[in-house]
Amino acid sequence: MIQVSELTKTYSDLRRGQFVAVDRISFHAMQGEIFGLLGPNGAGKTTVLRILSTILRPSAGIATVNGYDVLTEPALVRHQIGFVSANTAVYDRMTAWELVEYFGRLYGIERSLLRERMENLFERLKMNDIRDLLGSKMSTGMKQKVSVARALVHDPPVLIFDEATAGLDVLVGRALLDTISELRDQGKCIIFSTHIMREVERLCDQIAVMHRGHILSAGTLHELIEQHEEDDMEELFFRLISDYDTRHELANVER
Amino acid sequence: MKWSNVQLIFLREVRDQLRDRRTLFTIAVLPIFLYPLLGMIFIQVSQFTRQYPAQIHVVGAEQLPMAPQLLDGERFSAELFDFADESNLLEVTPYPGLDGPVGDELTAMVEQSVRDGECDAVLIVPATFGQQLAEFRQKLARKSLRRDQASDIIRQIPGPTIVYDQARDESRVARDRLSRVLQLWREKMGHAYLAENQIPLAVARPFLAKETDVAPEAKKRAAIWSKVLPFVVLIWALTGAFYPAIDLCAGEKERGTLETLLCSPAQRSEIVWGKLLTIMLFSMVTSLLNLLSMGLTAGMMMRQLQAFQKIVTDMPLGLPPLPSLAWLLVALVPISALFSALSLALAALARSAKEGQYYLMPLLLVTMPLMVLPSLPSVQLDPVTSLIPVTGLMLMLRALMESDYGAAALYALPVLAVTGACCLLAIRWAVDQFNNESVLFRESEQFESRAWLRHLVRDRGDTPTVGQAMLCALFILLLRFFISSQFSLPADWTGLATLTVLTQVAFFAIPALLMAGMLTRKPGETLLLRTPRWLSLPAAVLLAVLLHPAAISLSMLIQQTYPLPEQIEQISRTLLSGAPNLWVLILVIAVVPAICEELAFRGFILSGLRHLGHRWWAIVLSSIFFGVAHGIMQQSITATVLGVVIGYLAVQSSSLFVCILFHVTHNSLAILSQEFLQQYAQRLPGSDWLLETSEVGVVYTWPVVAVTLVMALGMLQWFRHLPQQLYAEERLQEALSHQTARATT
């Protein structure tokens, strides 16, 4: 479903020169699977997911979604994905219903089908009470629900959630995680980035730990625990990162 | 691009804007209330200022003659005003201070008191004024004066002086009122002399000139409105476009909804068009509402002012005639399109609404002079002004409103072409910005000149960036414009040759070489200094030869339509004929410019512009710069066309030598044809099926032009099949267009 190989993204920065945000990372995610990108802030998770959703272009390497190249076939890729991120806000001056309908129509979904799907979605996500509420009047949880509905309206095979639970209370957060695992059961391929261990433990089939643009370790939860002989996920995460930083600092000192 | 998506985005944006109270306020509420409010204030203030009397001191009032009367107590005599109650507007008091004779000391004091604002103006009557006038009058009555004596005496009578302060409005108003009063008083005095000498009054006015105004009422109104309304429409079209543009681009970035839209299936061009149409709609509505509100208010104010103040005027007041209004509405479409596209491109650049606001000023500073230019009386619609964006459009609108349809039709094509080209460029720019990650996700970075300079050198690419290419082009144009205006036309051949070589090297070659050396890692690649396939060299020469007849015909056609001033042509012909021999002439006029111009335009500039990812855009843009750099409009058009051909050769052959060779051949042929065509046309037998003499010179016959042109197209086909080196951006764009085709099928 999603194939990423040697993906690199560099930015030019006035002070630092070329800054490598993502450094030759490779991974793949399959249908009916939740792939978790775990990493601290600034690890490059958002950059990777923005590349997968064609908002950014890769500097080098290849990423394909459902067989379409993100660099050369972005329009086709966008039909395959639903993207929910902390950066994809909802319109203030549009109601929940209008917003989802707008994006549905941008996907070219036929009106009667769209209506049927939206009724379904609003029912499933329990959004019927905010149907006619303007975005500006919504709480963070409501906005996130609308974003999820927006990402699901065209029934894409791939879903990308970038720190989707950020800022949500426990109740709404849990409901969102439930929705995501339901989607997995429906056979969607899901990429889920977070910096919260517990969400990864609960949800993900495959995990990649990212830090400073690199994937430090990857595998199933079980594999990671075995590989690093550490059964506490938080401890494992911390060790991976501090080991990397120490190695990096040493290398810098030697240079 | 799917128009259904454009329509969807357009409808959403319009609804979004209509739900925004701020937008509604600026577009609808403000104009509806603003003008009536301003009008009310204006009427109030104007009434207030009219009732404000000027304070006048009179020095030496006792010297004034008794008849005709100037002063009547604390007023000037009511007879000296057009309307009797106007005498209240000048309050007269004797000068408080020393009562002695008028001298330098008193004058200095008076001047100081006016300067200090103690009064608005002072009238100084000289000591002997009354007495001298009385003597003159007596002599006149006795008829003891010869004609020349009379004028001598009058000249010797010292007249009264008005002391005022030009820097103060009140003082200037007082001066105007006072001098009008004195003028009427003098007339009265003259009339009195005439009466005393039994000469009828009519002698002083042997005839009265009559005026006949042939302009029909409607046309007079059109003439006035055609100067005011286009300006109003333009200003509001710009303002009405700018604020929605900021909200639609920078505002959306700020609110975080842009990323939502960018990951939707809508393509960047669809997003831009949807937003552009929204901005255009608001720009037009703002302009219309402002016009309407302004018109209604102005109409009401005129009526009120006329009723109150009995204004005597031959200004035709009233609403503009219907055809003028209709043309205004028609012109509103391209005007709004242009401003909307410009605003959109600028707003796309802004990171936040606040940053967007900063861009309004530069936009106004650039467009304002273009809007004001047409209001200068000497500026008319002509070949040059029609090519200036905004100005041309405004002049054409004026011509249409004054029902000067002939001029409007003549220049409609260039005006609309320029406006359309500007619109397309701005839209292209906006689309590119929506594709540009560094613009979309720019973080605010503290600017530091040292870090920036270091970044320029450290992070320089193999070839220049688009920005650097544009900078180079603008720099060259500025250099050319400012420095060449310092030189006058040289007097002889040596001067001309030196000037040509110097300007070519300094304006074109050196900037391109320096920038390529400093800003790129591979200057050789940037300037296309590569050995070409050897066949492409003779091919370039052949192509230039084949295009020569068409080039001559084109430049003749341009000269026929827009003739060069005879003087310039004469001078340049004399200068050129001073060359020692043909080879030197070709070296200076053909070879040196070819090398220098190619280094700049096909070397640095085209190489940078190709990072746009669209070969043809890069070629056309670089040729427009190439054309503009020629300075003379007639040459610019030919040069632009030629630039496209050379740009194509540069892209296809990847070698500057091919371009230089083509350019040298083309220039040399132009010189040779000037030298020899005339002779051949007269001497060679059978040349009449090759050459014909037109009004402006000898040209090739149309079959020759047609045949060579077809052959030239064949040559270009040959170049098309050369293996070309595409830039990464161009390859990506090709892949993307392929994808669009797949998506739509």
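The conditions are (1) acidic (Asp, Glu); (2) surrounded by 12 or more Cβ atoms within 10 Å (Cβ to Cβ); (3) without any contact (Cβ under 8 Å) to a residue 60 or more places away in the chain; (4) over 21 Å from residue A:8 (Cα atoms), and residue A:205 fails exactly one of them. Which is it?
(3)
Does residue A:180 satisfy the criteria of being under 27 Å from residue A:24 (Cβ atoms) and β-branched (Val, Ile, Thr)? Explain how you work it out, then say what you get.
Working: under 27 Å from residue A:24 (Cβ atoms): no; β-branched (Val, Ile, Thr): yes.
When the stated conditions are applied, residue A:180 does not pass them.
Does residue B:538 satisfy being in a loop (DSSP other than H, G, I, E, B) and farther than 27 Å from residue B:474 by Cβ?
No, not satisfied.
Just one of the numbered conditions (1) surrounded by fewer than 17 Cβ atoms within 10 Å (Cβ to Cβ); (2) at pLDDT below 90; (3) in contact with a strand residue (DSSP E or B) (Cβ under 8 Å, 6 or more places away or on another chain) is not true of residue A:132; which one?
Result: residue A:132 passes all but (2).
So, residue B:454, is that one on the phi < 0 side of the Ramachandran plot, part of a helix (DSSP H, G or I) and within 14 Å of chain A (Cβ to nearest Cβ) or not?
yes
Grab the strands (runs of 3 or more DSSP E) fully contained in region A:1-46, keeping just those with 2 or more residues being within 24 Å of residue A:82 (Cβ to Cβ) and within 14 Å of chain B (Cβ to nearest Cβ).
Numbers: elements: A:2-13, A:17-29, A:33-38.
Of the strands (runs of 3 or more DSSP E) lying wholly inside region A:1-46, those with at least 2 residues that are within 24 Å of residue A:82 (Cβ to Cβ) and within 14 Å of chain B (Cβ to nearest Cβ) span A:17-29.
So which of B:546, B:587 ends up being part of a helix (DSSP H, G or I), assigned by TED's automatic domain parsing to the domain that holds residue B:649, modelled with pLDDT of 85 or more and buried (at least 19 other Cβ atoms within 10 Å of the Cβ)?
Values: B:587 fails: buried (at least 19 other Cβ atoms within 10 Å of the Cβ).
Just one listed residue meets the conditions, B:546.
Going by the conditions given, is residue B:389 at pLDDT below 80 and away from every other protein chain (no Cβ under 13 Å)? So that I can check it myself, show each step before the final result.
On the way: at pLDDT below 80: no; away from every other protein chain (no Cβ under 13 Å): yes.
When the stated conditions are applied, residue B:389 does not pass them.
With B:409, B:430 as the choices, which residue is buried (at least 18 other Cβ atoms within 10 Å of the Cβ), assigned to a helix (DSSP H, G or I) and more than 14 Å from every other protein chain (Cβ to nearest Cβ)? Can you show your working first?
On the way: B:409 fails: buried (at least 18 other Cβ atoms within 10 Å of the Cβ).
Answer to the check: B:430.
Take region B:344-388 and flag every residue that is polar (S, T, N, Q) and either closer than 23 Å to residue B:242 by Cα or not in a helix (DSSP H, G or I) (or both).
First, the residues of region B:344-388 that are polar (S, T, N, Q): B:352, B:357, B:367, B:375, B:378, B:380, B:385-386.
Correct list: B:352, B:357, B:367, B:378, B:380.
Could you tell me which of the residues B:295, B:274, B:251, B:256 is under 28 Å from the mean Cα position of the chain (by Cα), among the small types (Gly, Ala, Ser) and at pLDDT 80 or above?
Numbers: B:274 fails: under 28 Å from the mean Cα position of the chain (by Cα); B:251 fails: under 28 Å from the mean Cα position of the chain (by Cα); B:256 fails: under 28 Å from the mean Cα position of the chain (by Cα).
Answer to the selection: B:295.
Here is a list of conditions, (1) under 17 Å from residue B:631 (Cβ atoms); (2) in contact with a His (Cβ under 6 Å, 6 or more places away or on another chain), and residue B:555 meets all of them except one; can you say which number that is?
Going through the list (1) under 17 Å from residue B:631 (Cβ atoms); (2) in contact with a His (Cβ under 6 Å, 6 or more places away or on another chain), residue B:555 breaks only (2).
Return the residues of region A:135-151 that are of a type in the set (A, V, I, L, M, F, W, C) and either surrounded by fewer than 20 Cβ atoms within 10 Å (Cβ to Cβ) or more than 23 Å from residue B:16 (Cβ to Cβ) (or both); say none if nothing qualifies.
Here is the first cut: in region A:135-151, the residues of a type in the set (A, V, I, L, M, F, W, C) are A:138, A:142, A:146, A:148-149, A:151.
Listed by number, the residues that qualify are A:138, A:142.
Return only the number of the condition from (1) over 30 Å from residue A:53 (Cα atoms); (2) outside the structural domain of residue B:520 (by TED's automatic domain parsing); (3) in contact (Cβ under 8 Å) with a residue 12 or more places away in the chain that residue B:434 does not satisfy.
(1)
Has region A:74-85 got any residue that is touching a strand residue (DSSP E or B) at 6+ places or on another chain (Cβ under 7 Å) and free of Cβ contacts under 8 Å to residues at least 60 places away in the same chain?
Let us first name the residues in region A:74-85 that are touching a strand residue (DSSP E or B) at 6+ places or on another chain (Cβ under 7 Å), namely A:76-77, A:80-85.
When the remaining residues are screened for being free of Cβ contacts under 8 Å to residues at least 60 places away in the same chain, the result is A:76-77.
Yes, there is a match, as at least one residue in region A:74-85 is touching a strand residue (DSSP E or B) at 6+ places or on another chain (Cβ under 7 Å) and free of Cβ contacts under 8 Å to residues at least 60 places away in the same chain.
Quick check: anything in region B:469-491 within 14 Å of chain A (Cβ to nearest Cβ), part of a helix (DSSP H, G or I), under 27 Å from residue B:596 (Cβ atoms) and modelled with pLDDT of 85 or more?
No, there is no match, as no residue in region B:469-491 is within 14 Å of chain A (Cβ to nearest Cβ), part of a helix (DSSP H, G or I), under 27 Å from residue B:596 (Cβ atoms) and modelled with pLDDT of 85 or more.
Which numbered condition trips up residue B:34, out of (1) more than 14 Å from every other protein chain (Cβ to nearest Cβ); (2) more than 36 Å from the chain's Cα centre (by Cα)?
(2)
Could you tell me whether any residue of region A:162-178 is closer than 24 Å to residue B:263 by Cβ and surrounded by 23 or more Cβ atoms within 10 Å (Cβ to Cβ)?
Within region A:162-178, one or more residues are closer than 24 Å to residue B:263 by Cβ and surrounded by 23 or more Cβ atoms within 10 Å (Cβ to Cβ).
One residue is enough: does region B:556-575 have a residue meeting the conditions part of a helix (DSSP H, G or I), modelled with pLDDT of 90 or more and surrounded by fewer than 17 Cβ atoms within 10 Å (Cβ to Cβ)? Give the steps one after another, and end with the answer.
Of the residues in region B:556-575, the ones part of a helix (DSSP H, G or I) are B:556-561, B:566-575.
Then keep just the ones that are modelled with pLDDT of 90 or more; that gives none.
Among the residues of region B:556-575, not one is part of a helix (DSSP H, G or I), modelled with pLDDT of 90 or more and surrounded by fewer than 17 Cβ atoms within 10 Å (Cβ to Cβ), which makes the answer no.
Inside region B:65-87, can you point out the residues that are loosely packed, with under 13 Cβ neighbours inside 10 Å and over 24 Å from residue B:126 (Cβ atoms)?
Answer for region B:65-87, where residues must be loosely packed, with under 13 Cβ neighbours inside 10 Å and over 24 Å from residue B:126 (Cβ atoms): B:82, B:83, B:84, B:85.
Looking for something in contact with a helix residue (DSSP H, G or I) (Cβ under 7 Å, 6 or more places away or on another chain), at pLDDT below 85 and farther than 30 Å from residue B:410 by Cβ - is there at least one such residue anywhere in region B:363-376?
No, there is no match, as no residue in region B:363-376 is in contact with a helix residue (DSSP H, G or I) (Cβ under 7 Å, 6 or more places away or on another chain), at pLDDT below 85 and farther than 30 Å from residue B:410 by Cβ.
Every residue, every condition in (1) in contact (Cβ under 8 Å) with a residue 12 or more places away in the chain; (2) touching a Lys or Arg at 6+ places or on another chain (Cβ under 7 Å); (3) surrounded by 14 or more Cβ atoms within 10 Å (Cβ to Cβ), yes or no:
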position: B:485; (1), (2), (3): no, no, no
position: B:492; (1), (2), (3): yes, no, no
position: B:503; (1), (2), (3): yes, no, yes
position: B:510; (1), (2), (3): no, no, yes
position: B:517; (1), (2), (3): no, no, no
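For residues in region B:255-286 being of a type in the set (D, E, K, R), within 10 Å of another protein chain (Cβ to nearest Cβ) and touching a residue at least 24 places away in the same chain (Cβ under 8 Å), which is nearest to residue A:83 (Cα to Cα)?
Our first condition is that a residue be of a type in the set (D, E, K, R); within region B:255-286, this holds for B:255, B:259, B:268, B:270, B:275.
Those left that are additionally within 10 Å of another protein chain (Cβ to nearest Cβ): B:255, B:259, B:268, B:270.
Now narrow it down to the ones that are touching a residue at least 24 places away in the same chain (Cβ under 8 Å): B:268, B:270.
On the way: B:268: 17, B:270: 20 Å.
If we take residues in region B:255-286 being of a type in the set (D, E, K, R), within 10 Å of another protein chain (Cβ to nearest Cβ) and touching a residue at least 24 places away in the same chain (Cβ under 8 Å), then B:268 is nearest to residue A:83 (Cα to Cα).
Specify which of the listed residues (B:38, B:34, B:11, B:24) is touching a Leu at 6+ places or on another chain (Cβ under 9 Å), among the aliphatic types (A, V, I, L, M) and in the same structural domain as residue B:246 (by TED's automatic domain parsing).
Working: B:38 fails: touching a Leu at 6+ places or on another chain (Cβ under 9 Å); B:34 fails: touching a Leu at 6+ places or on another chain (Cβ under 9 Å); B:11 fails: touching a Leu at 6+ places or on another chain (Cβ under 9 Å).
Sole residue among the options that is touching a Leu at 6+ places or on another chain (Cβ under 9 Å), among the aliphatic types (A, V, I, L, M) and in the same structural domain as residue B:246 (by TED's automatic domain parsing): B:24.
The values are calculated or read from the model by the stated rules, or taken from the named source; none is laboratory data. Quick caveat, the model's predicted, so the values are computed rather than measured. Every residue, glycine among them, receives a Cβ derived from its backbone with ideal geometry; neighbour counts consider all protein chains shown.
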